[in-house]
Amino acid sequence: MSTPQTPPLIRFTTHKNFTQRLVLATLTGKPVHISQIRPKSPSNPGLAPHEVSFLRLLEAVTNGSQIEISYTGTIVVYKPGLITGSAAGLGVGSNKGVIRHEIPATCTRGVSYFLIPLCMLAPFSKAPINVLFTGPGVITSSTPTGDMSVDAVRMAILPLYKQFGIFNNIELRILQRSNPNRNGKGGGGEVQLIFGHQVRLPKTLHLLNPGRIKVIRGVAYSTGVSASNNARMIQTARGILNPLVPDTFIASESSSAPLVPKKNNPAAKEKVGLGFGLFLVAESSTGCLFSADVASPPTGGEPPEDIGKRCAYQLLENIAKGGCVEPAAAPTMITLMAMGSEDVGRLQVGREVLADPNMVQLARDMAKFGTAGWGVRDATKPADDEEDDEEDSNGSHGDVVISIVGTAVGNVGRKVV
């Protein structure tokens, strides 16, 4: 009797796009070998704390995964298992079925570093996913390392799943807000993700009309500092955005700073995660979303007016890039399109979005995992824009259309479409 052969390892180097490659490996079921992870770092070679924490999260939501880490931490071999979601037997009472994932205090990445990959895995899970992110390392705001805030995931990333027919029982709760500490590490926040809509295959996407911006929404938040910072950020941002879209509403939320045990004296607690920030999202007439996210730096010294101005101009810049999707959400959309049915999906993006290094690397990584190549062509001008002379002659704002044929990998744990 012949034994099934183990698929060959797909080899990568460096720590860049770490979560992206592990997500693709889990969805396609192909093992990966990642080497040369910070080999020349004199103080911290190998995996960083947030990368180790993400591997633990993958192990918690899958069954049968094998993770091998070298002694120095510079080599990782990951053999994916089945995405099972939250086990129904864990927890007691209201916490039954909840995976409690604790992030260490040395983490410098925002909790969105874990949320975005987890949301990409959740539709292909065998059971609903319910994860509670807790611990001294949870940062809910945007971070200097480039992570977006939880508000951005909730209001600018999760609504995009409706385009693929995934919209039921999805909730992202912010139980405790937090900002990065003075050293940029840890925050002490608490976030819960509930993703209860699993599908066999995502719907084929055809998103080709960016539309016109009709509303702007946002959240101004402050943690452990004066709530007047929110009003100052909102006033500055509205002064810039109101001439563009009069229908602009920014909510204000103020909360106390989280308390975490001190290192030297665990019996005593200290306040961490102090700061403030602003998140904005613009929605077009066709449902396209563009967001901006700015928080106060860990070292402080930046007034709320500057935060509001930077966030407003960042939003306008993302809108000016054109297309139907912003750079932060493009990898999610492309990945879901590639995992769909064997049909051609189309997505219009701006040229700057397509030229982003992360998008280029995503195309190379997906080709290694056996997905079809991307077809790229100039976008045609929408019918309602034909009278605008300011548009590029090659298409709407010089946009391009990405065409992808789905691999029909889908959800192997769900047999009903």
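Brief remarks follow.
- Pairs with Cβ under 9 Å, 6+ apart, first in the stretch 45-69 and on the phi > 0 side of the Ramachandran plot, second of a type in the set (S, T, N, Q) and crowded, with 19+ Cβ neighbours inside 10 Å: 46/74
- Only residues that are outside any loop (DSSP other than H, G, I, E, B) and over 16 Å from the mean Cα position of the chain (by Cα) were counted across the stretch 305-336, and they come to 17.
- Filter pass, residue 223 being touching a Lys or Arg at 6+ places or on another chain (Cβ under 7 Å) and buried (at least 17 other Cβ atoms within 10 Å of the Cβ): yes
- Considering (1) within 23 Å of residue 27 (Cβ to Cβ); (2) surrounded by fewer than 23 Cβ atoms within 10 Å (Cβ to Cβ), the lone condition that residue 147 does not fulfil carries the number (2).
- Per-region count, the stretch 340-358, residues closer than 7 Å to residue 406 by Cβ and buried (at least 23 other Cβ atoms within 10 Å of the Cβ): 2
- Residue match in the stretch 240-261 (condition: in a helix (DSSP H, G or I) and either assigned by TED's automatic domain parsing to the domain that holds residue 142 or free of Cβ contacts under 8 Å to residues at least 60 places away in the same chain (or both)): yes
- Checking each residue in the stretch 350-364 for being touching a residue at least 40 places away in the same chain (Cβ under 8 Å) and either more than 18 Å from the chain's Cα centre (by Cα) or closer than 18 Å to residue 112 by Cα (or both) picks out 350, 351, 358.
- Pick from the stretch 160-206, criterion of a type in the set (A, V, I, L, M) and not in a loop (DSSP other than H, G, I, E, B), ranking: surrounded by the fewest Cβ atoms within 10 Å (Cβ to Cβ): 175
- If you go through the stretch 381-412 and pick out every residue that is of a type outside the set (Asp, Glu) and modelled with pLDDT of 80 or more, you end up with 11.
- For the stretch 121-154, a residue qualifies if it is aromatic (Phe, Trp, Tyr) and closer than 30 Å to residue 315 by Cα, and exactly one does: 133.
The values are calculated or read from the model by the stated rules, or taken from the named source; none is laboratory data. Being a predicted model, the structure only gives us computed values, none of them experimental. In this analysis, Cβ positions are derived from the backbone assuming ideal geometry, glycine residues included, and neighbour counts consider all displayed protein chains.
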